[in-house]
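Notes follow once the structure below has been shown.
No value in this document is a laboratory result; all are computed from the given coordinates. Computed from a predicted structure; not experimentally measured.
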Amino acid sequence: MTRDPLDESFPLGDGVADAAAHVDCPYCGAEVELPLDPGGGAIQRYVEDCEVCCRPWQLTVRWGPSGAATVEARTDEG
Ligand SMILES: [Zn+2]
């Protein structure tokens, strides 16, 4: 068999799956659903404002080989 299970569990390209993670805000503690971009690279760092308190998260998103994402949110102050 030549089927690659990675291709099925980590769809890139057509219609990219709706990926999302739940993030606990490091400022106010609210749990917010964060849409993710699986096509944006294996490790992504960017800033996203909290929906609840509007303060900036320093986000690190890491995509594992199984297609699961690990999301880390930190405060701006380090
Ligand atoms: Zn917040």
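Points worth noting:
- 3J(HN,Hα) couplings calculated from phi for the stretch 62-72 with the Karplus curve 6.51 cos²θ - 1.76 cosθ + 1.60 (θ = phi - 60°) are, in sequence order, 10, 9, x, x, 8, x, 8, 9, 10, 10, 10 Hz; Gly and Pro show x.
- Around the amide H of residue 52, modelled in the peptide plane, lies no amide H under 5 Å away from a residue 5 or more places distant or on another chain.
- For the stretch 41-56, Karplus couplings with θ = phi - 60° (6.51, -1.76, 1.60), whole Hz, Gly/Pro x: x, 5, 10, 10, 10, 7, 10, 9, 7, 4, 5, 8, 10, 6, 8, x
- Taking a ≥ b ≥ c as the square roots of the eigenvalues of the alpha carbon gyration tensor, the stretch 15-77 is prolate, as a/c is not under 1.5 and a/b beats b/c.
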